[in-house]
Amino acid sequence: MFGLFKKFKDGLAKTVSAIATKTRGLFGGRKIDAASLEELEEALYTADFGVETTNEILAEIKQAYGKDKNLQGRQAAEIGVAVLKRVLAGAEGVLEVGPVTGSGAASARGEGTPPTANPIVIAMIGVNGSGKTTTSAKLAWKLKQEGRTVTLAACDTFRAAAVEQLKTWATRLNLDIVASHTGADSAAVAFDAWRAAKSRGSNYLIVDTAGRLHTKTNLMEELAKIRRVLQKNDPAAPQHRWLVVDGSLGVNSIEQAKVFHQSFGLTGLVVTKLDGTSRGGAIVGIYRQLKIPIYFLGLGEQAEDLQPFSAENYAKAVFGLE
């Protein structure tokens with residue numbers, strides 16, 4: 001558990017540092033006073049926690065300060081953690097475990113029974129630059145490390161480098177992938193990938209979709225087509241439709257999420273690039289606005305830096321608590 005918390009602490013280091021700088025190390029041992037409350041308010045706004053969450057945190061700290069003028073910064077941090085955990089209640093997305101199927105499972109039983117269960121399909125959605133393709137590969141690797149079988153579908157056939165990028169990740173991480181050439185019909189690739197995942201007995205099929213076409217309408221039409229084609233194989237697919245958002249965009253990512261949610265019915269979020277921004281509070285605003293569960297956070301460049309979202313670890317890391 002400590003190792004996982006360290007990932008959060010290191011990944012959110014810029015946000016933590018920015019808050020510590022603006023509050024002059026309030027949570028490191030200072031007493032609360034009127035000046036430190038103003039500093040904290042500015043720090044929380046700067047980190048993109050938003051008006052609502054900032055006001056809730058400050059109101060509870062002020063209430064505690066009113067009762068105890070010797071209130072310490074660490075005690076204020078603990079109050080902040082409690083508020084964030086309450087606000088983020090229900091935010092932790094839990095990915096169901098795909099059934100153990102296919103040749104690996106049959107071999108383990110000493111049988112030759114072909115797979116019968118359909119793969120769980122995760123459609124990765126988002127604009128170019130959000131880290132969608134890289135996240136698709138990292139997610140596949142993570143699931144594989146947990147003993148699941150995974151197939152990747154390179155369906156971002158519009159962006160010239162996307163297919164090669166995913167193939168490179170697949171080679172590096174030894175992942176199964178179905179890909180075609182740039183400009184190929186992305187829905188056809190998705191269809192073939194589902195059939196391949198089914199025949200291989202994959203527990204999951206992760207579909208990397210396009211991030212930008214000529215117009216927003218074209219992009220939404222392509223996503224809808226991929227969905228229709230997948231449903232020819234399995235009416236329930238894609239079971240997951242996750243938006244990958246760049247955490248450094250802060251509250252601007254909320255509008256982006258709204259557009260995709262209206263068009264595609266999002267079931268989850270993955271927030272990336274949090275290690276490169278001091279605006280890590282945006283996660284809270286996104287969840288408050290949309291109430292879409294957050295499944296993973298991107299806390300670094302390595303494959304293992306994609307971590308399941310934990311409200312407790314996130315809140316403690318932000319306020320510098322161990």
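At-a-glance table
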| quantity | calculated |
| --- | --- |
| Residues satisfying the stated conditions in segment 205-219, i.e. farther than 13 Å from GLY126 by Cβ, surrounded by 15 or more Cβ atoms within 10 Å (Cβ to Cβ) and out of contact with any strand residue (DSSP E or B) (no Cβ under 9 Å at 6 or more places or on another chain) | LEU213 |
| Single residue of ILE57, ILE79, ILE19 found to be at pLDDT below 90, of a type in the set (A, V, I, L, M, F, W, C) and under 20 Å from TYR287 (Cβ atoms) | ILE19 |
| Hey, VAL251 within 22 Å of the chain's Cα centre (by Cα) and within 30 Å of THR15 (Cα to Cα) or not | yes |
| Hits in segment 37-50 - residues which are crowded, with 21+ Cβ neighbours inside 10 Å and touching a Leu at 6+ places or on another chain (Cβ under 7 Å) | LEU40 |
| Neighbours by Cβ (under 9 Å, 6+ apart or cross-chain): first from segment 220-241, in the same structural domain as LEU152 (by TED's automatic domain parsing); second of a type in the set (Val, Ile, Thr) and part of a loop (DSSP other than H, G, I, E, B) | GLU222/THR209; LEU223/THR209; ILE226/THR209; PRO238/THR267; GLN239/THR267; HIS240/THR267; ARG241/THR267 |
| Filter result for LYS273 (more than 13 Å from the chain's Cα centre (by Cα), among the charged types (D, E, K, R) and buried (at least 18 other Cβ atoms within 10 Å of the Cβ)) | no |
| Condition met for ALA117 (over 16 Å from PHE260 (Cβ atoms), of a type in the set (A, V, I, L, M, F, W, C) and modelled with pLDDT under 95) | yes |
| Criterion violated by LYS22 - all others in (1) touching a Ser or Thr at 6+ places or on another chain (Cβ under 7 Å); (2) crowded, with 21+ Cβ neighbours inside 10 Å satisfied | (2) |
| Residues within segment 278-291 that are surrounded by 20 or more Cβ atoms within 10 Å (Cβ to Cβ), of a type outside the set (Lys, Arg) and out of contact with any Phe, Trp or Tyr (no Cβ under 6 Å at 6 or more places or on another chain), tallied | 7 |
| Restricting segment 22-48 to residues that are at pLDDT 85 or above and assigned to a loop (DSSP other than H, G, I, E, B), the residue that is farthest from the chain's Cα centre (by Cα) | ASP33 |
| Filtered residue count, segment 127-174, keeping only those that are on the phi > 0 side of the Ramachandran plot and either in a helix (DSSP H, G or I) or surrounded by fewer than 16 Cβ atoms within 10 Å (Cβ to Cβ) (or both) | 3 |
| Residue check for LYS232: surrounded by fewer than 22 Cβ atoms within 10 Å (Cβ to Cβ) and within 22 Å of PHE264 (Cα to Cα) | yes |
| Residue, surrounded by the fewest Cβ atoms within 10 Å (Cβ to Cβ), within segment 51-75, restricted to residues that are among the charged types (D, E, K, R) and within 36 Å of the chain's Cα centre (by Cα) | GLU52 |
| Residues that are over 16 Å from SER136 (Cα atoms) and assigned to a loop (DSSP other than H, G, I, E, B), drawn from segment 215-238 | THR215, ASP234, PRO235, ALA236, ALA237 |
| Segment 175-199 residues that are assigned by TED's automatic domain parsing to the domain that holds ALA123 and modelled with pLDDT of 95 or more, paired with ones that are surrounded by fewer than 15 Cβ atoms within 10 Å (Cβ to Cβ) and part of a loop (DSSP other than H, G, I, E, B) (beta carbon under 6 Å, 6 or more apart) | none |
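The values are calculated or read from the model by the stated rules, or taken from the named source; none is laboratory data. Keep in mind that what you see is a predicted model, and the values were worked out from it rather than measured. Counting neighbours? That spans all protein chains shown, and the Cβs are built from the backbone with ideal geometry, glycine included.
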